[in-house]
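Asks: I have a structure I would like to understand better, so I am pasting it below and will then ask my questions one at a time.
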Amino acid sequence: MEDINTELQVIKRGAVEVIPEEELVAKLKERRSLRIKAGFDPTAPDLHLGHTVLIQKMKQFQELGHEVIFLIGDFTGMIGDPSGKSETRKQLTREEVLKNAETYKEQIFKILDPDKTRIEFNHRWMEKLDAVSLIELSAKYTVARMLEREDFKQRYQNQQSISIHEFLYPLMQGYDSVVLKADVELGGTDQRFNLLIGRELQREYGQQPQVVLTMPLLEGTDGVQKMSKSLGNYIGINEAPEEMFGKIMSISDELMWRYCELLSDKGLTEIRAMRSQVDGGSLHPMKVKKMLAEELVTRFHGAAAAQSAQDYFETRYQKKAVPKHIKKHFSAGEPIWICRLIVDLQFAKSGSEARRLIAQGAVKVDGEIISDVNFQFDGDTHRILEVGKNRIAQVAENPP
């Protein structure tokens, strides 16, 4: 039992609920490799640290010897998960979903072991469901039970529309568990209802019900709202090392401990010891935050990039100096429209995004904030362009 208790401590690290814990203990006592399922709808091309909370938990299961199934909901992604939404989500095209799914496959192996990870796409079985099968699946759950879900209940009470296809989403997510014969399913707290439907459907299909493990929704850099690209408080795992390092350093000292528990590979004993040292005044929280930033940047970009990012941060923000070795240099022989320059330097994906950055006061030229979207960058008089906290480029001294 001692080994199981040790395993349980790892599994429950950072978790909100294990439903029910006694069933998980019983499964662990079987001493077999459990099938651990986590589903991700490819609704956006890039993952952020909030997504990696679940992936980090999958890694822990993987290290304990269990089979990890990374399920890409390329079929359900076209429906759109209604969880937590006050209105019907926009449905994605097949092309959008497949493109995003490919980027997911590349990104997750920065955390998971590719040799021990089973990747599935739920279109394999969903596209085989005919009308009869779909009706049979729908008959296994009632509208009354669906309306118990908080977001559906609120929309119904507020007389906001709920499309029939939205009821299908949790049923199909649950059906994934039936097909994969999942022993444990992971999800955020906003997925609790959907995960529990998986348990019920497995019973309906004569299977042992999965254990549900929910993880918290990671707060973004603002420390209030859950991490989200739409809210602008996210830390993308494909962001430049300097940008990632700087954003991690910007989080509050209190939020830092939550990030450590949910994202770091350091043991909880070590993290608690560091917290005691910080509380006692023998360790500065800045040092802990730098260690966390270095660990996460190393995970996604490598040790050399992490060291470079730390050097950049210390020079730019602690010493208040312009780094001597700015990585990006560009030629500006003739005046160039600021938005075009921002896009050319890959500091923004489009002119409209560049305009938004200017409107937010995120663009500086030679240390001065630029508010005019028609500004012309003149290489004869201007030297340094900054976008956000950590994107910086300088006019080449000796252009080719």
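Asks: Is it the case, given these coordinates, that Glu261 is in contact (Cβ under 8 Å) with a residue 40 or more places away in the chain and among the charged types (D, E, K, R)?
Replies: yes
Asks: Pick from Ser276, Ser264: which is within 25 Å of Phe313 (Cα to Cα) and either of a type in the set (S, T, N, Q) or out of contact with any Pro (no Cβ under 6 Å at 6 or more places or on another chain) (or both)? Let's see the steps before the verdict.
Replies: Values: Ser276 fails: within 25 Å of Phe313 (Cα to Cα).
None of the other options fit; the residue is Ser264.
Asks: Working only within the range 349-365, note down all residues that are surrounded by 13 or more Cβ atoms within 10 Å (Cβ to Cβ) and closer than 17 Å to Ile392 by Cβ.
Replies: As a first pass, look at the range 349-365 and keep what is surrounded by 13 or more Cβ atoms within 10 Å (Cβ to Cβ): 351, 353-358, 362-365.
If the condition is that a residue be surrounded by 13 or more Cβ atoms within 10 Å (Cβ to Cβ) and closer than 17 Å to Ile392 by Cβ, then Ala354, Leu357, Ile358, Ala362, Val363, Lys364, Val365 are the ones that fit.
Asks: Would you please name the residue that is modelled with the lowest pLDDT, looking only at residues in the range 68-97 that are open to solvent by 30 Å² or more (accessible area, probe 1.4 Å) and not in a loop (DSSP other than H, G, I, E, B)?
Replies: Met78
Asks: Any residue in the range 277-295 that is small (Gly, Ala, Ser) sitting within a Cβ distance under 8 Å of a residue that is in a helix (DSSP H, G or I)? List the pairs, counting only those 6 or more apart or interchain.
Replies: Ala293/Met244; Ala293/Phe245; Ala293/Ile248; Ala293/Met249; Ala293/Ala306; Ala293/Ala309; Ala293/Gln310; Ala293/Phe313
Asks: Next question, about the same structure. Residue by residue through the range 244-278, note down the ones that are open to solvent by 60 Å² or more (accessible area, probe 1.4 Å) and under 30 Å from Glu7 (Cβ atoms).
Replies: Those that are open to solvent by 60 Å² or more (accessible area, probe 1.4 Å) and under 30 Å from Glu7 (Cβ atoms): Glu254, Arg258, Glu261, Asp265, Thr269, Glu270, Arg272, Arg275, Ser276, Gln277.
Asks: Among the candidates Ser282, Ser308, single out the residue that is exposed (fewer than 13 other Cβ atoms within 10 Å of the Cβ) and among the small types (Gly, Ala, Ser). Talk me through it step by step, then tell me what you get.
Replies: Numbers: Ser308 fails: exposed (fewer than 13 other Cβ atoms within 10 Å of the Cβ).
On inspection, the qualifying residue turns out to be Ser282.
Asks: I've got another one for you. Name every residue in the range 101-125 that is surrounded by fewer than 17 Cβ atoms within 10 Å (Cβ to Cβ) and polar (S, T, N, Q), in order of residue number.
Replies: Correct list: Thr103 only.
Asks: Of all residues in the range 172-194, count the ones that are within 22 Å of Gly50 (Cβ to Cβ), part of a helix (DSSP H, G or I) and open to solvent by less than 10 Å² (accessible area, probe 1.4 Å). Let's see the steps before the verdict.
Replies: Taking the range 172-194 first, the residues within 22 Å of Gly50 (Cβ to Cβ) are 173, 176, 184-194.
When the remaining residues are screened for being part of a helix (DSSP H, G or I), the result is 173, 176, 189-194.
Then keep just the ones that are open to solvent by less than 10 Å² (accessible area, probe 1.4 Å); that gives 176, 194.
Residues in the range 172-194 being within 22 Å of Gly50 (Cβ to Cβ), part of a helix (DSSP H, G or I) and open to solvent by less than 10 Å² (accessible area, probe 1.4 Å): 2 in total.
Asks: Against the definition (at pLDDT 80 or above and either part of a helix (DSSP H, G or I) or crowded, with 18+ Cβ neighbours inside 10 Å (or both)), how does Lys140 come out, yes or no?
Replies: Judged against the criteria, Lys140 is not a match.
Asks: Where the second residue is in a helix (DSSP H, G or I) and open to solvent by 50 Å² or more (accessible area, probe 1.4 Å) and the first is of a type outside the set (Phe, Trp, Tyr) and lies in the range 15-27, which pairs have Cβ atoms under 7 Å and are six or more apart or on separate chains?
Replies: Within 7 Å, the pairs are Val16/Thr189; Val18/Lys12.
Asks: Give just the number: which of (1) open to solvent by 10 Å² or more (accessible area, probe 1.4 Å); (2) in a helix (DSSP H, G or I); (3) over 27 Å from Leu54 (Cα atoms) does Lys128 not satisfy?
Replies: If we test Lys128 against (1) open to solvent by 10 Å² or more (accessible area, probe 1.4 Å); (2) in a helix (DSSP H, G or I); (3) over 27 Å from Leu54 (Cα atoms), just (2) comes out false.
Asks: With the requirement that a residue be modelled with pLDDT of 90 or more and either buried (at least 22 other Cβ atoms within 10 Å of the Cβ) or not hydrophobic (A, V, I, L, M, F, W, C) (or both), what does the range 223-232 give you?
Replies: Gly223, Gln225, Lys226
Asks: Identify all residues within the range 21-59 that are within 21 Å of Asn194 (Cα to Cα) and at pLDDT below 90; write none if there are none.
Replies: Scanning the range 21-59 gives Phe40, Asp41, Pro42, Thr43, Ala44.
Asks: Just name the residue that is farthest from Leu296 (Cα to Cα) out of those in the range 33-55 that are open to solvent by 20 Å² or more (accessible area, probe 1.4 Å) and aliphatic (A, V, I, L, M).
Replies: Ala44
Asks: Is it the case, given these coordinates, that Ile197 is out of contact with any strand residue (DSSP E or B) (no Cβ under 6 Å at 6 or more places or on another chain), of a type in the set (A, V, I, L, M) and not in a helix (DSSP H, G or I)?
Replies: Criteria not met by Ile197.
Asks: Considering only the range 200-222, state which residues are in contact with an Asp or Glu (Cβ under 8 Å, 6 or more places away or on another chain), surrounded by 19 or more Cβ atoms within 10 Å (Cβ to Cβ) and part of a loop (DSSP other than H, G, I, E, B).
Replies: Selection gives Pro209, Gln210.
Asks: Got a sec? Which of Glu136, Glu204, Glu200, Glu166 is without any contact (Cβ under 8 Å) to a residue 24 or more places away in the chain and more than 30 Å from Ile248 (Cα to Cα)?
Replies: Glu136 is the lone residue from the list that is without any contact (Cβ under 8 Å) to a residue 24 or more places away in the chain and more than 30 Å from Ile248 (Cα to Cα).
Asks: Looking at the range 366-400 only, could you name the residues that are at pLDDT below 90, over 23 Å from Ile248 (Cα atoms), touching a strand residue (DSSP E or B) at 6+ places or on another chain (Cβ under 6 Å) and part of a strand (DSSP E or B)?
Replies: Hits for the range 366-400 are Ile384, Gln394.
Asks: Tell me which residues, restricted to the range 366-379, are without any contact (Cβ under 8 Å) to a residue 40 or more places away in the chain and open to solvent by 20 Å² or more (accessible area, probe 1.4 Å).
Replies: Residues satisfying the conditions are Asp366, Gly367, Glu368, Ile369, Ser371, Asp372, Val373, Asn374, Phe375.
Asks: Check the range 13-20 and report whether any residue there is open to solvent by less than 10 Å² (accessible area, probe 1.4 Å) and modelled with pLDDT of 95 or more.
Replies: Scanning the range 13-20 turns up no residue that is open to solvent by less than 10 Å² (accessible area, probe 1.4 Å) and modelled with pLDDT of 95 or more.
The values are calculated or read from the model by the stated rules, or taken from the named source; none is laboratory data. Small disclaimer: the values here were computed from a predicted structure and weren't measured. With ideal geometry, Cβ positions are generated from the backbone for all residues, glycine too; neighbour counts draw on all protein chains shown. Side chains are part of the model used for accessible areas, which takes the heavy atoms of the whole protein and leaves out ligands, DNA and RNA. Shrake-Rupley method; radii C 1.70, N 1.55, O 1.52, S 1.80 Å.
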